[in-house]
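Taking it in order: structure first as structure tokens, then the write-up.
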Amino acid sequence: MNSIRLRPPVDRFYVTTPIYYVNDRPHIGHAYTTVIADVLARYHRLFGVPTFFLTGTDEHGQKVQQAARAAGIPPKDHADRTVVRFQELWRTLGITHDDFIRTTEPRHTTAVQAVLQELYDRGEIYRAEYDGWYDITSETFVSERDLAVPDGVSPADLPGIIRIREANYFFRMSTYRDWLVEYIEAHPELIRPEFRRNETLGFLRTKELGDLCISRPKSRLEWGIELPFDRDYVCYVWFDALLNYITSIGHTRDEAMFARWWPASLQLIGKDILTTHTVYWPTMLKALGLPIPRTVFAHGWWLMGDAKMSKSLGNVVDPLDMIGRYGADAFRYFLVAEMTLGQDAAFSDAAFARRYNSDLANDLGNLLSRLLTMTTRYCGGRLPATARSVDAASGELAAALDTARQAVVSMLTTYRVDEAVVAILAAVRAINRYLEVRAPWHQAKADDRVPLHVTLRTAAEALRVCATLLHPVMPVKMDELRTALGLASPPSIVDLADEPRIPPDMPLKLSGPLFPRMEPTIELTTVGGRPPPPKVIATRNKDVVSIEEFRRSELRTARVLTAEPVPNTSKLLKLEIDLGSERRTIVAGIAHHYRPEELVGRTIVVIANLVAAKIRGIESHGMLLAASARGQLRLVTVDGDLPPGSPIG
Ligand code: MSP
């Protein structure tokens, strides 16, 4: 190992997660962002880089006010109750944040008011009349163009869209448009991945950037930070929330601390909050005369099948349930390894079991067990010292270790934790292959014990390097592994060296398997108490169908080509679908649950051989499948990308 090349490429690291709304239970999406931030913070600390890791909760705004009303308690009490869920989850997941900010804390509200006053005094915020559409769900003012309403439909017919006419306060965001385009062009590392950078640039180049409405009249929304220059208004929740990244580290309160950490090195976000973080946020900072963060990294979504997880769909994965079943470290590993940072990934229990069994139980856990078993059997449980720590015959292994170390160092600037984990697991597999080639079970039969000792030590020291590299991802399990190898925890950067670190005189401890193999499961792990599927009882009664009867229904996948409302009804949509071999028209009663534009391009499931029926004068050839419960209706879809017309059954 060349220690020069292991020098960290940065001298400080300030990482943030979005602050989570307290109207909801934490789910896998929240856990993902926070785990990635934690893993990166731990890697930087391992390399001795001064690190500050911030997370917290977003406690103002309409969503929180509505949730509190539904619970029948004041918003602050509601926030106090729900914030604990996040804090407990982070404890259980081993999250090592340095600060947890709640936007209802005085340190935040006071600083936000100071910022508002400063911008108002400087003319960056002005008062004006607004008359237009407002989206209650996203709490934003929207234009008809944004809504893409079909001809003849009024935005007022769309769910959650209302007309508003009121005086408000606006931030002069539009004046920073040209500056922002130039800044993004000159700083390729600001928005990652690259395609998200293009998305923001495309948005800025093609859409007119208006000024940002930063107030809400108290008559409409009480739950927010009061504007210091007009007590009849509260601050728009996003303007307040974004400022958490600077109020927490002392802006307007502790300038020395602020100067130490700002600008942030990395702001991790989900792709749905790209515009707020790459348009609103940099222009706000520019208006305040503050530097822009180095990188805003937008990750993808965890999907269930091809649908986003959401509470209303009842398909949300509960992190506490996963941790209870598989342990915090296995869950952390799955999150990091399964998702390419920046892309979407599908969650399923089967994917979890696959990843766990192949990487953790087989490749890593078995390696430790084999090594400990052989050391016990052939060497009395102690790993003898050898003249050479790394076997000269282990070229492939040495190269794999070096690649893994370098991948981790690169990750300190690319943030691609998933890539680093791939390289580390490749090194683990290289150790397994090395053992196969060296066959210590044969070497143990020879009189000359040196080759056996060299093999065992080479493999064990390589495993120590891999365990050190994996420590930020699975801190508890890797401490267990280190203890089994006779190493004191916690690890440090010297544990990445080739030089031997495992004491020759300590008996290695063989306890149970580090990652016991798990049986693949098919049940879904969701928040919301969906009842388990009923057991199939093999008796014949009138509710039971035979396989032959079932097969008479021709279920197929179909791609939606076009979708449009059926005139004079509010419930029906007319869909043109591609069934692989043919195009069909079907009429479906789903207009209260899906907008036409949400359907186009999606793969659905239809009964293709249903007798045709005329509905409102339209010939419908087939029926789509959907599930409904508690007033909700959701389409049945397939897990993965299959061509239209694929048979189901
Ligand atoms: N409060 C705002 C953020 C303000 S930051 C100044 C917010 N909160 S949130 O709780 O709704 O979402 C927080 C993060 O969780 C977002 O980045 C969002 O993308 C992420 N996730 C929510 N659902 C997700 C998945 N299904 N998958 C991955 N992450 C997703 O937005």
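So what's the back-of-envelope 222 nm ellipticity for the chain, counting only DSSP H runs of four-plus at -39500 (n - 2.57) apiece and dividing by all residues, rounded to 500? Don't skip to the answer; put the middle values down first.
Numbers: 22 runs with 240 residues, N = 649.
-11000 deg cm²/dmol, from helical runs alone.
Run the numbers on region 46-112 and let me know its relative contact order in percent, using alpha-carbon pairs under 8 Å that are six or more apart.
Details: 47 pairs, mean separation 32.7, N = 67.
Rounded, it is 49 percent for region 46-112.
Specify the inter-centroid distance of region 223-291 and region 1-60, based on alpha-carbon positions, in whole Å.
Taking the Cα centre of region 1-60 as reference, the centre of region 223-291 is 18 Å away.
For Lys509, list the lysines whose Cα falls under 17 Å from its own Cα; do not include residues on the same chain fewer than 8 positions away.
Lys477
Which percent, to the nearest 5, of DSSP beta bridges fully inside the chain are antiparallel? Could you put the intermediate results ahead of the total?
Numbers: 52 of 73 bridges.
Counting only bridges with both partners in the chain, antiparallel ones make up about 70 percent.
With Rg and the Kirkwood Rh both taken from Cα atoms, where does Rg over Rh land for the chain? If you can, show how the numbers build up before the last one.
On the way: Rg = 28.7 Å, Rh = 28.1 Å.
Here Rg/Rh amounts to 1.02.
Just want to confirm a number: the relative contact order over the chain, from Cα pairs under 8 angstrom separated by 6+ residues, in percent. It would help to have the intermediate numbers written out before the result.
Values: 1069 pairs, mean separation 80.7, N = 649.
So the answer I get is 12 percent.
Sort 420-432, 227-239 for me by packing, meaning the mean count of neighbouring Cβ atoms within 10 Å per residue, highest on top.
Working: 420-432: 21.7, 227-239: 20.1.
Result, highest mean first: 420-432, 227-239.
For region 1-145, what is the percent of antiparallel DSSP beta bridges, rounded to the nearest 5?
Numbers: 3 of 13 bridges.
Expressed as a percentage, antiparallel bridges in region 1-145 total about 25.
Under a 5 Å amide H to amide H cut-off, with H placed in plane at 1.01 Å, what residues pair with Tyr130 once short-range neighbours are removed?
Here Glu166, Ala167, Asn168 satisfy the definition.
Summarise the long-distance tail of P(r) for region 1-114 by giving the % of C-alpha pairs beyond 25 Å.
Beyond 25 Å sits 33 percent of the P(r) for region 1-114.
Can you pick out the pairs among Lys571/Lys614; Lys207/Lys308; Lys63/Lys286; Lys218/Lys311 whose Cα atoms lie more than 25 Å from each other? Don't jump to the answer; show the numbers that get you there.
Numbers: Lys571/Lys614 16 Å; Lys207/Lys308 27 Å; Lys63/Lys286 29 Å; Lys218/Lys311 28 Å.
Exceeds cut-off: Lys207/Lys308; Lys63/Lys286; Lys218/Lys311.
Quote to one decimal, in nm, the extra length available between Ile615 and Lys207 on full extension: 0.36 nm per residue of separation minus the C-alpha distance between them. Please report the intermediate quantities before stating the final value.
Details: separation 408, 0.36 × 408 = 146.88 nm, distance 4.05 nm.
Here the segment from Ile615 to Lys207 would lengthen by 142.8 nm.
Please give the contour-minus-distance gain from Glu222 to Gln117: 0.36 nm per residue of separation, less the Cα-Cα distance, rounded to one decimal in nm.
Details: separation 105, 0.36 × 105 = 37.80 nm, distance 1.95 nm.
Gain on stretching Glu222 to Gln117: 35.9 nm.
For the peptides 447-459, 601-613, 149-161, what is the packing order when you average, over each peptide's residues, the other Cβ atoms within 10 Å and list the highest mean first? Present the calculation step by step, with values, prior to reporting the outcome.
Working: 447-459: 19.1, 601-613: 16.1, 149-161: 12.2.
Descending mean neighbour count gives 447-459, 601-613, 149-161.
Read-outs throughout are calculated quantities, based only on the coordinates presented, and are distinct from any laboratory measurement. Model, not experiment: these values are computed from the prediction. Cβ coordinates were reconstructed from backbone atoms using ideal geometry, including for glycine residues, and neighbour counts include every protein chain displayed.
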